[in-house]
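One structure below.
The values are calculated or read from the model by the stated rules, or taken from the named source; none is laboratory data. Predicted model, so just to flag it, every value in this text is computed and none were measured. A quick note on method: Cβ atoms are made from the backbone with ideal geometry, for glycine too, and the neighbour counts reach across all protein chains shown.
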Amino acid sequence: MSRKAKAPSKIAENANDKNVFKDAVIRHLHCTLGTDENKANNHAWWKATCSAIQENVLEGLRKTQKTHYLNDTRAVHYLSAEFLMGRLLSNNMHNLGLFNTAQEALKELGVELTDIMEEEPDMALGNGGLGRLAACFIDSLATMELPAIGYGIHYEHGLFRQEIKSGAQIERPDSWRDYGNPWEICRPESIQEVSLYGYVETKYGENGRIQKEWHPGLTVKGVPWDIPVVGYQGKTVNVLRLWQSEASDYFNWDVFNAGGYVDAQRENVHAETISKVLYPNDETEAGKELRLIQQYFFCSCSLKDIIRRYKRAHGDDWSRFVEQVVIQLNDTHPAIAIPELMRILVDRAELDWEKAWNISTQVFAYTNHTLLPEALEKWPARMIEKILPRHLEIIYEINHRFMDLVDKKWPGDNEKKAKLSIIEEGSEKMVRMGNLSVIGSFAVNGVAEIHSRLVKQNLFPEFEALWPGKITNVTNGITPRRWLKACNPALSALIDKKVGDDWPLHLKKLEGLEKHANNKTFQKQFMQVKQANKQLLANEIKQTLDIDVDVNAIFDVQIKRLHEYKRQHLNLLHIMALYRRILENPDYDMHPRVFIFGAKAAPGYRLAKDIIYAINMVGNKINNDPRVKNKIKVVFLPNYRVSLAEKMIPASDVSEQISTAGKEASGTGNMKLALNGALTIGTLDGANIEIAEEVGDDNIFIFGMTVEEVEALKAKGYNPHDYYYRDAEIKAILDWLETDYFTPGKPGALVSIKQSLLEQGDAYMVLADYRAYSDAQAKVDEAYRDKERWAKMAIINTAKMGKFTSDRSIQDYVDKIWKLRACEVK
Ligand code: NBX
């Protein structure tokens with residue numbers, strides 16, 4: 001019996017009423033937090049405001065879930081080990097249309113909304129682009145009223161907090177939930193059990209059917225925490241469901257009763273360790289056992305949750321499963337879900353293998369985010385056998401049947417088999433998760449045109465030959481709600497006046513700005529907004545680092561994880577060159593520039609940490625050298641994260657996107673910066689190519705080798721020494737790194753960078769692109785001096801970013817892969 005729906009709460013009905021909002025905040029101060037308006041500090045105000053907003057969120061959530069249930073909707077299940085959500089208060093207020101109401105209400109209570117927003121810790125449950133993409137995608141899914149659920153891990157500690165001590169990175173634990181998270185809801189009623197370790201027993205059923213029974217060695221609990229995801233304009237509220245591991249009471253008592261008290265405790269620790277901490281490595285795989293357990297843990301919980309929901313509507317009839325369910329694998333991190341679904345279907349539901357495989361391969365789709373060999377996941381077969389013995393058997397069976405298929409296509413071709421096999425033979429047998437993902441999915445996509453082409457041509461050419469059309473492209477995107485409307489209110493207001501206020505839903509409307517690009521008044525207004533944003537960032541820089549920067553200087557920004565392929569050291573070499581030119585010629589003519597960096601290095605990545613140290617030491621020297629006369633400032637803002645990005649991006653003039661061509665799958669920071677009117681200096685790599693197509697060659701600074709040129713140079717034999725000896729500036733800068741000029745009393749402290757670029761062969765061809773980069777930077781300098789030209793270029797960048805809304809990416813997924821329908825929530 002369904003009970004009659006309650007009337008909407010007062011707050012939801014009159015949410016836009018300032019007084020109603022005030023009452024709600026006060027009520028939460030009193031009744032949720034046990035304080036009052038006289039005692040409350042900013043943290044309490046923040047929490048009470050979140051709780052007031054959450055009332056509206058939960059109203060939407062209930063309606064959405066009921067609507068989806070009654071309509072028995074097909075849904076996408078986005079499996080991702082990472083969701084880099086950032087802060088939620090501002091986003092939720094904007095998406096509910098309550099930002100102004102809340103701001104005014106709080107003002108009347110004597111509280112500044114922008115101050116209390118700073119109290120919110122970032123939800124940093126991701127490393128970088130891949131995790132942030134997942135966060136943008138669930139925003140778009142809710143906005144577009146698509147039935148969707150995000151599944152991930154409820155890490156107790158997200159990505160480490162970065163401190164800089166004497167120039168070097170120090171990692172500190174991130175504790176985003178220490179004082180409670182007002183957005184999340186625990187759902188003990190939906191706890192799942194997950195098994196690990198143990199052995200497999202082979203049994204023979206009455207009909208001669210072989211049956212496998214897995215006797216696990218350990219069972220843990222997965223506790224779901226739901227974070228509501230509010231679509232723009234607040235109609236659909238989907239959920240992000242994050243699994244937290246806990247010791248399973250049912251299993252441990254056996255050990256306990258058998259006298260194994262200490263062992264029982266040890267198992268407790270083990271179980272709770274699973275969701276303790278996010279692995280901080282991006283683009284490398286350490287092959288750690290706990291990491292594989294994390295992956296299996298959240299995949300198993302999520303699949304069981306999906307199946308529970310399906311069975312609630314369809315019972316044991318599996319025939320409609322593929323109509324109702326599509327599962328997107330965000331990289332190979334959730335690939336273990338493929339054998340897990342096969343295990344559930346074959347061992348539990350007792351379907352034949354063929355039938356189970358037929359279902360499974362119509363459900364999964366896989367997104368590839370990298371071509372870097374060191375990032376392609378491979379697990380030792382022996383490790384899988386130990387943790388998931390039944391899954392290894394299933395993987396072998398999948399592979400065996402697939403090898404038969406390969407033999408039909410290419411009879412007797414063992415080379416093809418070796419390349420396509422899920423199992424890599426060698427001193428240690430390895431399971432290739434990329435191959436498993438391609439074989440187990442009905443669609444595979446790359447994340448930008450060039451990247452998808454390289455996935456087909458270089459990474460998986462045999463799969464492309466076997467299944468033409470299976471590999472496709474979906475170019476990444478970003479949500480304009482967070483990355484323009486919320487983070488850049490001044491520019492948003494200016495845009496509203498010119499093109500109307502529905503651009504957050506229809507980003508192509510920004511094209512309406514183009515006709516104003518030559519208008520002097522508009523140029524002035526646009527650049528005044530930029531100037532004001534630069535002032536805010538300058539204040540932040542002064543506050544955190546006590547460095548004075550001039551807002552009339554060019555703000556040149558490189559923000560992304562630190563990695564050799566992203567070439568922050570190319571930027572640094574050029575900064576050193578400018579410094580050297582000034583020292584050699586005190587009248588060296590350049591527009592003042594502030595080079596601003598934000599980057600975390602994986603804790604075990606030595607050279608990346610050395611590059612951070614070098615940026616800080618070189619910066620320190622330059623910033624304090626009076627001969628520079630403030631023409632150059634170098635700023636490394638510590639602890640780069642979503643909430644810091646939201647302050648840096650609106651204040652940027654120049655966006656550094658300088659990866660070696662072919663290495664950056666897409667990039668999404670490039671899109672955020674261009675949307676906010678920064679001009680890109682970049683290589684023909686990833687989405688830079690598509691940005692250039694949109695803005696036109698006159699409005700972007702493209703330099704350096706193309707993918708083909710990189711490949712040709714590698715084939716012919718790249719020798720970085722050629723560049724070192726032929727280019728006096730390169731030689732002088734690299735030699736400078738060996739002295740103690742930047743690290744007084746510590747000669748050689750920066751030498752590892754020089755070594756990587758010379759003796760170690762310069763894998764990312766920094767020296768080969770250096771001169772082209774330096775020339776492109778001279779063009780940036782020249783362009784900036786022409787204020788009108790620059791303003792026009794900046795406006796055109798904003799105007800032409802419509803393609804890069806994540807709504808377009810999601811529509812591409814819907815059309816090409818998911819075949820989903822929107823479901824209106826009334
Ligand atoms: O995914 C990034 C790519 O490098 C970007 O080019 C792309 O725009 C973005 C979204 O498609 N990849 C990425 O962020 N990877 C990781 O963070 C990562 C994390 C863990 C791991 C491997 C990679 N084991």
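Collect the residues in region 325-349 that are out of contact with any strand residue (DSSP E or B) (no Cβ under 7 Å at 6 or more places or on another chain) and in a helix (DSSP H, G or I), keeping them in residue-number order.
Residues of region 325-349 that are out of contact with any strand residue (DSSP E or B) (no Cβ under 7 Å at 6 or more places or on another chain), as a first pass: 332-333, 336, 339-346, 348-349.
Scanning region 325-349 gives Pro339, Glu340, Leu341, Met342, Arg343, Ile344, Leu345, Val346, Arg348.
What number of residues within region 667-696 satisfy the criterion of being assigned to a loop (DSSP other than H, G, I, E, B), within 15 Å of the ligand (Cβ to nearest atom) and over 26 Å from Leu757 (Cα atoms)?
Final tally of qualifying residues: 2.
Test Lys498 against the stated conditions and say whether it is surrounded by fewer than 16 Cβ atoms within 10 Å (Cβ to Cβ) and either part of a loop (DSSP other than H, G, I, E, B) or of a type in the set (Lys, Arg) (or both).
Working: surrounded by fewer than 16 Cβ atoms within 10 Å (Cβ to Cβ): no; either part of a loop (DSSP other than H, G, I, E, B) or of a type in the set (Lys, Arg) (or both): yes.
Against the criterion (surrounded by fewer than 16 Cβ atoms within 10 Å (Cβ to Cβ) and either part of a loop (DSSP other than H, G, I, E, B) or of a type in the set (Lys, Arg) (or both)), Lys498 does not qualify.
Enumerate the pairs (first residue in region 347-370 and within 16 Å of the ligand (Cβ to nearest atom); second residue anywhere and in a helix (DSSP H, G or I) and of a type in the set (Val, Ile, Thr)) with beta-carbon separation below 6 Å, excluding pairs fewer than 6 apart on the same chain, so at least 6 apart or on different chains.
What qualifies is Ala365/Ile817; Asn368/Val455.
How many residues does region 648-666 hold that are within 15 Å of the ligand (Cβ to nearest atom) and part of a loop (DSSP other than H, G, I, E, B)? Write out each step before concluding.
Residues of region 648-666 within 15 Å of the ligand (Cβ to nearest atom): 655-666.
When the remaining residues are screened for being part of a loop (DSSP other than H, G, I, E, B), the result is 658-666.
The qualifying residues number 9.
If you check Ala356, Ala375, Ala365, Ala418, which single one turns out to be at pLDDT below 95 and of a type outside the set (Asp, Glu)? Please lay out each step first, then the result.
Numbers: Ala356 fails: at pLDDT below 95; Ala365 fails: at pLDDT below 95; Ala418 fails: at pLDDT below 95.
After ruling out the rest, the residue left standing is Ala375.
Go through region 261-287 residue by residue and tally those that are more than 16 Å from the ligand (Cβ to nearest atom), buried (at least 18 other Cβ atoms within 10 Å of the Cβ) and modelled with pLDDT under 85.
So the answer is 2.
Examine region 736-745 for a residue that is at pLDDT 95 or above and touching a strand residue (DSSP E or B) at 6+ places or on another chain (Cβ under 7 Å), and state whether such a residue exists.
So in region 736-745, the residues at pLDDT 95 or above come out as 736-745.
Filter once more, keeping what is touching a strand residue (DSSP E or B) at 6+ places or on another chain (Cβ under 7 Å): none.
Scanning region 736-745 turns up no residue that is at pLDDT 95 or above and touching a strand residue (DSSP E or B) at 6+ places or on another chain (Cβ under 7 Å).
In a strand (DSSP E or B), without any contact (Cβ under 8 Å) to a residue 24 or more places away in the chain, among the charged types (D, E, K, R) and over 30 Å from Asn42 (Cα atoms): is that true of Lys212 in this structure? Working first, answer last.
On the way: in a strand (DSSP E or B): yes; without any contact (Cβ under 8 Å) to a residue 24 or more places away in the chain: no; among the charged types (D, E, K, R): yes; over 30 Å from Asn42 (Cα atoms): yes.
No: the conditions fail for Lys212.
Which of the numbered conditions does Cys136 fail, given that it passes all the others? Conditions: (1) touching a helix residue (DSSP H, G or I) at 6+ places or on another chain (Cβ under 7 Å); (2) within 16 Å of the ligand (Cβ to nearest atom); (3) assigned to a loop (DSSP other than H, G, I, E, B).
So the condition that Cys136 fails would be (3).
Could you tell me whether region 283-296 includes any residue that is within 22 Å of the chain's Cα centre (by Cα), assigned to a helix (DSSP H, G or I) and without any contact (Cβ under 8 Å) to a residue 24 or more places away in the chain?
Start the filter on region 283-296 by keeping residues that are within 22 Å of the chain's Cα centre (by Cα), which leaves 283-288, 290-296.
Going one step further and asking which of them are assigned to a helix (DSSP H, G or I), we end up with 290-296.
Subset that is without any contact (Cβ under 8 Å) to a residue 24 or more places away in the chain: 290-291.
There is at least one residue in region 283-296 that is within 22 Å of the chain's Cα centre (by Cα), assigned to a helix (DSSP H, G or I) and without any contact (Cβ under 8 Å) to a residue 24 or more places away in the chain.
Only helices (runs of 4 or more DSSP H) wholly contained in region 707-826 count here; list those with 1 or more residues that are among the aliphatic types (A, V, I, L, M) and under 30 Å from the mean Cα position of the chain (by Cα). Let's see the steps before the verdict.
On the way: elements: 707-716, 720-726, 728-736, 751-757, 766-785, 787-799, 806-813.
Counting at least 1 such residues, we get 707-716, 751-757, 766-785, 787-799, 806-813.
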